[in-house]
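Here's the structure, in structure tokens; my notes come after.
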Amino acid sequence: LVNWMKKTNEYSKFKLLGYNRRVDVNHVAMLKKKILISNELHVNPIQVTKDLEIINGQHRFTAAKELNVPIYYEIVDPFVPTSILHSNYAKSWNIEDYIHYYAATGREEHKKVIELCHKYGLPISACLMLLGTYIRGKQLEEFTIKEGRLFLFHKTMQFRNQLIKDAPHSDNLFRSTVRNAKFLEIILQIIDSNKFDLTRLHKMLIKQHFKVRGRARKCDYIELIMEIYNYGLSHKVML
């Protein structure tokens, strides 16, 4: 539930959540310009917990504080921490925001990404690529990083890497196909379902590697992989 809107200049009583997005100084600068032209903060109040922790609107709050203009806020109670992933309408979350959120809330795989970034002074996108957990296809981003499923995706990439390693040397089309984002998304779903024997899947894909070729649609990949996996089985398993 959201309580009635309130107004204050007492900025010190508000707190930034450690697992929220980091404040983007460029976005704050842009908001300050907008506020100076036309202050509409009363139309877009920030949302806070009953302890005045900012859920939604930390950039608006920072801009108002730096301009020393009143901030308008609403108290959301009860507050579910995971709802913060969907409550920031003013500025979209990017991949780095999700990694920092899940790391701050205790996800070990995400902590490893942050540690690697700090150790080598690399951006998060570079670290994710080094870890084999990031493909530029937006569908895979939706499936994994944004939903906090890095560990599952690690398994997917390990499976892919083993296929590439065990593939016949002459079959470059097979290697190209198993790197395809749509193919990997189906493998991700297969692993997530816990219905399949991954040892058998690997064995059958390598055995029938000559059938593993690019497809236009995900449903075509599902049909292909199910045909290969179920070959010779009396009880078919379907995704």
**Prompt:** Using a Förster distance of 41 Å, how high is the FRET efficiency between Tyr231 and Met129, based on the Cβ-Cβ distance and rounded to 0.05?
**Reply:** 0.75
**Message:** Which of the three applies to the stretch 151-205, rounded, prolate or oblate, going by the alpha-carbon gyration tensor with a ≥ b ≥ c and a/c under 1.5 meaning rounded?
**Reply:** prolate
**Item:** Peptides 53-60, 182-189 ordered by average Cβ neighbours within 10 Å, highest first
**Value:** 53-60, 182-189
**Asked** Taking the simple approach of a point 7 Å from Cα along Cα-to-Cβ for both His154 and Arg22, what is their distance in nm?
**Response** 2.3
**Request:** For Asp51, tell me the accessible area in Å² from a 1.4 Å probe, rounded to the nearest 10.
**Result:** 90
**Prompt:** For the stretch 106-239, what % of the accessible area comes from carbon and sulfur atoms, probe 1.4 Å?
**Reply:** 53
**Asked** Ranked by accessible surface with a 1.4 Å probe, highest first, in what order do Ser234, Ser176 come?
**Response** Ser234, Ser176
**Prompt:** Could you give the nm distance between label points at Thr105 and Asp220, where each point is 7 Å from its Cα heading toward the beta carbon?
**Reply:** 3.7
**Message:** What FRET efficiency comes out for Ser92 versus Asn68 if R0 is 25 angstrom and r is the Cβ-Cβ distance? Round to the nearest 0.05.
**Reply:** 0.35
**Request:** Quote to one decimal, in nm, the extra length available between Lys13 and Asp77 on full extension: 0.36 nm per residue of separation minus the C-alpha distance between them.
**Result:** 21.3 nm
**Item:** Given (i) 1.33; (ii) 1.12; (iii) 0.96, the label whose value is Rg/Rh (Cα atoms, Kirkwood Rh) derived from this model
**Value:** (ii)
**Message:** Need one word for the stretch 8-79: rounded, prolate or oblate. Basis is the Cα gyration tensor (sqrt eigenvalues a ≥ b ≥ c); a/c below 1.5 gives rounded, then a/b vs b/c decides.
**Reply:** prolate
**Prompt:** So if we plug the beta-carbon distance of Asp192 and His169 into 1/(1 + (r/R0)^6) with R0 = 25 Å, what FRET efficiency do we get, rounded to 0.05?
**Reply:** 0.20
**Request:** Could you sort out which of Lys33/Lys112; Lys6/Lys32; Lys155/Lys211; Lys32/Lys111 sit more than 27 Å apart by Cα distance in this structure?
**Result:** Lys33/Lys112; Lys32/Lys111
**Message:** Give me the percent relative contact order of the chain, please, defined on Cα pairs under 8 angstrom at least 6 residues apart.
**Reply:** 14
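The values are calculated or read from the model by the stated rules, or taken from the named source; none is laboratory data. Note that the structure is a prediction, hence the values are computed from the model and not measured. Counting neighbours? That spans all protein chains shown, and the Cβs are built from the backbone with ideal geometry, glycine included. The area values use the complete protein model at the heavy-atom level, side chains included, leaving out ligands, DNA and RNA. Shrake-Rupley method; radii C 1.70, N 1.55, O 1.52, S 1.80 Å.
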